[in-house]
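Participant: Dropping a structure here in structure tokens format, bear with me for questions.
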Amino acid sequence: MKILITGTAGFIGSHLAEKLVARGDEVIGLDNINDYYDQNVKYGRLQRGGIIENIENGESIPYGELLTSSKNSNYKFIKLNLEDKEAMLKLFKEEKFDAVCNLAAQAGVRYSLTNPDAYMSSNIVGFMNILECCRHNNVKNLSYASSSSVYGSNKKLPFSTSDNVDHPISLYAASKKSNELMAHTYSHLFDISTTGLRFFTVYGPWGRPDMALFLFTKAALEGKPIDVFNNGDMLRDFTYIDDIVEGVIRVIDNPQNRLNPETPPYKVYNIGNNNPVKLMDFIEAIENRLGKKIEKNFLPLQAGDVPATYADVTDLVEDLGYKPETPVQEGVDKFIDWYLNFFKVSVE
């Protein structure tokens, strides 16, 4: 299968590309490598995939040119903006994809409070271009990243895909809900199979520097305090990266079918650990691995944040026979091992 994965300089996308290439798929990765967070981490992911020789080569990646991995000829990469419709249409026309997995997006709830334009451009205009490219190039298998943030201030736990999600509390969440609505429209009108994945707090090696695990580990190793919001009274359905990738692959391999003329080939899944963890227990797992206590600065709940997330993954289990299950301590240990190696840091 020939698959376009957008966001392959990103956390989930880089892991997904690696797994699909390893099993023999032909993968083209796409990313604009923006500076939302440390680009060296993005370049490191591309180096790991054989797209560049070393991190220092990252800044010289040409725009709009397909690069072939030095590690596997089945993996190619192109630096491109989703908003560049002309270039996107050209790529789709030339490469003739069997499936598309759109993981590229402007991420971050808190960042959306101060940089709303970035979300409209990447998450709305960019996703519209993905849909149009699929429509005009006969791509009938599209999976894409949604987010647990669409549940907003829902009080009922666990969150179910049957819940009402009409009241997002951040622009990021609103953009993801918009993606689901847009996908449904294209499934209905053009018979494109679309599957949205509401990710729940993904963590693990090569994770995002703006996420709690990365921030907490960095602060602890530097002997600095960490900011703990809602005074630590938070629940998160932390989900390990390998579990996420396995779920995404099963979705790619099982596109939705039109069950009857009235039902579009459309589906949304929660993909989470189905086992929420107290934030303070998550911090304790970091302390266990580092062998040190972390100083904590307790703060109120931030605007756009929710106190708890908890995924009902019944549909994922029933339809695809899969449920994430990596224990948090195991996942945290693997992340910290990676962090210490990548940044060449020693635990005192």
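Participant: Going residue by residue through region 2-13, is there one that turns out to be of a type in the set (Lys, Arg), in a strand (DSSP E or B), in contact with a strand residue (DSSP E or B) (Cβ under 8 Å, 6 or more places away or on another chain) and open to solvent by less than 50 Å² (accessible area, probe 1.4 Å)?
Facilitator: From region 2-13, those of a type in the set (Lys, Arg) are 2; that's our starting set.
After this cut, where a residue has to be in a strand (DSSP E or B) as well, the list is 2.
In the following step, the residues that additionally are in contact with a strand residue (DSSP E or B) (Cβ under 8 Å, 6 or more places away or on another chain) were identified as 2.
Then drop every residue that is not open to solvent by less than 50 Å² (accessible area, probe 1.4 Å), which leaves 2.
Within region 2-13 (the criterion being of a type in the set (Lys, Arg), in a strand (DSSP E or B), in contact with a strand residue (DSSP E or B) (Cβ under 8 Å, 6 or more places away or on another chain) and open to solvent by less than 50 Å² (accessible area, probe 1.4 Å)), the answer is yes, since at least one residue qualifies.
Participant: Working carefully through the options Phe298, Phe343, find the one that is closer than 16 Å to Ala219 by Cβ, open to solvent by 20 Å² or more (accessible area, probe 1.4 Å), of a type in the set (Phe, Trp, Tyr) and more than 23 Å from the chain's Cα centre (by Cα). Let's see the steps before the verdict.
Facilitator: Numbers: Phe343 fails: more than 23 Å from the chain's Cα centre (by Cα).
When all the criteria are applied, what remains is Phe298.
Participant: Please go through (1) of a type in the set (A, V, I, L, M); (2) open to solvent by 30 Å² or more (accessible area, probe 1.4 Å); (3) closer than 30 Å to Asn40 by Cα for Ile286 and return the number of the only condition it doesn't satisfy.
Facilitator: (2)
Participant: Quick test for you: out of Val165, Val150, pick the one residue that is touching an Asp or Glu at 6+ places or on another chain (Cβ under 9 Å), crowded, with 19+ Cβ neighbours inside 10 Å, among the β-branched types (Val, Ile, Thr) and in a helix (DSSP H, G or I). Give the derivation first.
Facilitator: Numbers: Val165 fails: in a helix (DSSP H, G or I).
So the residue among Val165, Val150 that is touching an Asp or Glu at 6+ places or on another chain (Cβ under 9 Å), crowded, with 19+ Cβ neighbours inside 10 Å, among the β-branched types (Val, Ile, Thr) and in a helix (DSSP H, G or I) is Val150.
Participant: Let me ask something else about it. Before we move on, is Lys156 of a type outside the set (A, V, I, L, M), more than 19 Å from Tyr266 (Cβ to Cβ) and surrounded by fewer than 20 Cβ atoms within 10 Å (Cβ to Cβ)?
Facilitator: yes
Participant: For region 175-188, state whether one or more residues are among the hydrophobic types (A, V, I, L, M, F, W, C) and modelled with pLDDT under 95. Steps first, answer last, please.
Facilitator: Taking region 175-188 first, the residues among the hydrophobic types (A, V, I, L, M, F, W, C) are 181-183.
Add one more test, that the residue is modelled with pLDDT under 95, and what stays is none.
No, region 175-188 contains no residue that is among the hydrophobic types (A, V, I, L, M, F, W, C) and modelled with pLDDT under 95.
Participant: Now a separate question. Report, by residue number, each residue of region 100-132 that is in contact with a Lys or Arg (Cβ under 8 Å, 6 or more places away or on another chain) and either modelled with pLDDT of 95 or more or surrounded by fewer than 22 Cβ atoms within 10 Å (Cβ to Cβ) (or both).
Facilitator: Asn129, Glu132
Participant: Just the residues that are under 19 Å from the mean Cα position of the chain (by Cα) and either in contact (Cβ under 8 Å) with a residue 24 or more places away in the chain or over 27 Å from Lys323 (Cβ atoms) (or both), please, taken from region 161-180.
Facilitator: Result: Thr161, Ser170, Leu171, Tyr172, Ala173, Ala174, Ser175, Lys176, Lys177, Ser178, Asn179, Glu180.
Participant: Still on this model: What do you reckon, is Ile51 more than 22 Å from Lys2 (Cα to Cα), touching a strand residue (DSSP E or B) at 6+ places or on another chain (Cβ under 8 Å) and surrounded by 15 or more Cβ atoms within 10 Å (Cβ to Cβ)? Explain how you work it out, then say what you get.
Facilitator: Numbers: more than 22 Å from Lys2 (Cα to Cα): no; touching a strand residue (DSSP E or B) at 6+ places or on another chain (Cβ under 8 Å): yes; surrounded by 15 or more Cβ atoms within 10 Å (Cβ to Cβ): yes.
No, not satisfied.
Participant: How many residues does region 71-99 hold that are open to solvent by 40 Å² or more (accessible area, probe 1.4 Å) and either touching a His at 6+ places or on another chain (Cβ under 9 Å) or in a helix (DSSP H, G or I) (or both)? Break it down stepwise before answering.
Facilitator: First, pick out the residues of region 71-99 that are open to solvent by 40 Å² or more (accessible area, probe 1.4 Å): 71-74, 76, 79, 81, 83-86, 89-90, 93-94, 96, 98.
Cutting the leftovers down to either touching a His at 6+ places or on another chain (Cβ under 9 Å) or in a helix (DSSP H, G or I) (or both) gives us 85-86, 89-90, 93-94.
Total meeting the criteria: 6.
Participant: Considering region 283-303 alone, what residues qualify as being in a loop (DSSP other than H, G, I, E, B), touching a strand residue (DSSP E or B) at 6+ places or on another chain (Cβ under 8 Å) and under 28 Å from Ile169 (Cβ atoms)?
Facilitator: Step one: filter region 283-303 for residues in a loop (DSSP other than H, G, I, E, B), giving 291-295, 299-303.
Retained after the next criterion (residues that are touching a strand residue (DSSP E or B) at 6+ places or on another chain (Cβ under 8 Å)): 294-295, 299.
Residue satisfying the conditions is Leu299 alone.
Participant: Please determine, by comparing only the residues of region 54-70 that are modelled with pLDDT under 95 and surrounded by 13 or more Cβ atoms within 10 Å (Cβ to Cβ), which one is nearest to Leu82 (Cα to Cα).
Facilitator: Let us first name the residues in region 54-70 that are modelled with pLDDT under 95, namely 54-60.
Restricting the remaining residues to those that are surrounded by 13 or more Cβ atoms within 10 Å (Cβ to Cβ) gives 55, 57-58.
Working: Ile55: 24, Asn57: 23, Gly58: 19 Å.
Result: Gly58.
Participant: So, in region 212-253, exactly how many residues are part of a loop (DSSP other than H, G, I, E, B) and open to solvent by 20 Å² or more (accessible area, probe 1.4 Å)? Quick ask: steps written out before the conclusion?
Facilitator: Initially, region 212-253 is screened for residues part of a loop (DSSP other than H, G, I, E, B), giving 222-225, 233-234, 237-238.
Going one step further and asking which of them are open to solvent by 20 Å² or more (accessible area, probe 1.4 Å), we end up with 222-225, 233.
The total comes to 5.
The values are calculated or read from the model by the stated rules, or taken from the named source; none is laboratory data. These numbers were taken from a predicted model, which means no experiment stands behind them. Note: ideal-geometry Cβ built from the backbone for every residue, glycine included; neighbour counts use all protein chains shown. Side chains are part of the model used for accessible areas, which takes the heavy atoms of the whole protein and leaves out ligands, DNA and RNA. Shrake-Rupley method; radii C 1.70, N 1.55, O 1.52, S 1.80 Å.
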